[in-house]
Protein chains: 2
Amino acid sequence: MDDEPEAVELVEFNLKQAGYAVTTAADGAEALKKARSQTPDLIILDVMLPEMDGFEICKTLRLEITTAKIPVIMLTAKAAEIDRVLGLELGADDYLTKPFSPRELLLRVKKILSRYQIEEKPKEQLRFGDLLIDLPRHIVSWKNKPIDMTATEFKLLTVLAQRSGRVQSRDQLLRDVWEYDSVIDTRTVDTHMRRLREKIGAASKHLDTVRGVGYRFVE
Amino acid sequence: MDDEPEAVELVEFNLKQAGYAVTTAADGAEALKKARSQTPDLIILDVMLPEMDGFEICKTLRLEITTAKIPVIMLTAKAAEIDRVLGLELGADDYLTKPFSPRELLLRVKKILSRYQIEEKPKEQLRFGDLLIDLPRHIVSWKNKPIDMTATEFKLLTVLAQRSGRVQSRDQLLRDVWEYDSVIDTRTVDTHMRRLREKIGAASKHLDTVRGVGYRFVE
DNA sequence: CAACCGTGTGACGATTCAGTGACAATTCCA
DNA sequence: TGGAATTGTCACTGAATCGTCACACGGTTG
């Protein structure tokens, strides 16, 4: 997320080389949008950006629940302390002054990620556009409006969403949602899918039927 | 804890100015001794030290229970990356390359301390609107009027409130409220929830039942 | 085109679940 | 020690939820 295309590419190339999945953004607005929708493990942010500067973005990221805890590394061309100060007080986790070596960047990234990985836990929230599934709160919401559903429906949706993109057979779902080696009819799954679709309304576009195979959650 | 007396003094002066209590050590052995006996909130360590170098000390600190969790900031004269790596791999929490400004040091110190403080303070009081739970006093009040309740009810309410928003299964509650791996019937939880709700009256709007899952405290 | 297969749908009885009142066992305290 | 407070269990009940069925629908296949 930088203003100089080549610099962005360089960073991207190096991070990808190192095995990280990288998404880039051309400006602040895009960066914020992607941060919200993808909730990355780490954000690298250039201070100098068109429109909204890096400080502004960092501040905004910190204010929103979904992005508040994502570590941020700030890139700055000015070595002046004041920039650093701001970066730190804004809650950035680290910073680099340009020019920096790719190796140095990788080290920072590695360090930050390892620090967070220690505390890392399985995802508590799954977000797909306007659909939010909050596991510990046991709440599903669509466009910030909570959707009431039964425990079974919640579990079914969760299992599908956690395996987003992969088709789950009815048998698979019976095992994972109903847990015991159920003596339950596989058609029961259909009924629950129907009820689930009814309840989540527009969000049911995420729930695909794969004829002859099973069901699939799509993003 | 440095090998150059003036530098130590400078750091000490600045930290004290900022209101921190500072202890210094002239060499590695002294540093270790003081770290063990005083268990400070933070250790600033120079890489270059007579006898035992900073890496050695850091490694030793990490090995001992009393000092393992104390955050360490490393100071190094060499900007070479390799040193940084070592510092990081040794588990230092941050580092500074010399020369550094006092202001920069203060920022790092502040940041590290705040990071740890956030994780460390269990709240003594929980307040949700008119409902106040005072942990050390063992008092619950609603609109400033104390509510009489039994120890079990208090614990139950506390556990739920401390995990506000997150659904707790009956089993979870049995583990956390009754503590031992209880042979108690999970339905017992229901009974206590009922009594709790009766006693706290209007405040029971905070106590949600999540059918098929458990109970949840909502704000 | 017609038979077929798999899925969506509406309805309904069966089951599960949490709230409730009662009661015995246990603990607490005077 | 004795009575009161607290605690754990149980059976009962209404309501929510669940599983199943029969049928409708729509695409696929021969």
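Just so you know, all these numbers are worked out from the coordinates, no wet-lab data involved. Nothing here was measured: the structure is a model prediction, and the numbers come from that model. When we count neighbours, we look across all protein chains shown, and the Cβ atoms used for this are built from the backbone with ideal geometry, even at glycine.
A Förster radius of 51 Å combined with the Cβ-Cβ distance from residue B:148 to residue A:106 puts the calculated FRET efficiency at roughly 0.25.
Within 10 Å of each Cβ in A:135-141, how many Cβ atoms from other chains are there, averaged over the peptide?
The per-residue average across the peptide is 4.
Checking the cross-link pairs A:145/B:155; A:199/B:155; A:111/B:123; A:155/B:155; A:59/A:123; A:16/A:155 against a 27 Å limit on the alpha carbon distance flags A:145/B:155; A:199/B:155; A:111/B:123; A:155/B:155; A:16/A:155 as lying beyond it. Quick note on the range A:125-217: its Rg to Rh ratio, both from C-alpha atoms and Rh being the Kirkwood radius, is 0.94. Taking each residue as 0.36 nm, the span from residue A:130 to residue A:171 lengthens on full extension beyond its C-alpha to C-alpha distance by 11.8 nm.
Would you kindly state how much longer the chain becomes between residue B:38 and residue B:68 on full extension, computed as 0.36 nm times their sequence separation minus their alpha carbon distance, in nm to one decimal?
On the way: separation 30, 0.36 × 30 = 10.80 nm, distance 1.33 nm.
Fully extending the segment from residue B:38 to residue B:68 adds 9.5 nm.
May I ask you to derive the FRET efficiency for residue B:138 and residue A:56 from their Cβ-Cβ distance with R0 = 51 Å, giving the value to the nearest 0.05?
Details: r = 46 Å, r/R0 = 0.91.
Once rounded, the FRET efficiency stands at 0.65.
Cα centroids of the range B:139-179 and the range A:153-187: 34 Å apart.
Taking the Cα centre as origin and putting +1 on Lys and Arg beta-carbons and -1 on Asp and Glu beta-carbons, what dipole magnitude results for the range A:171-219, to the nearest 20 debye?
In debye, rounded to 20, the range A:171-219 gives about 320.
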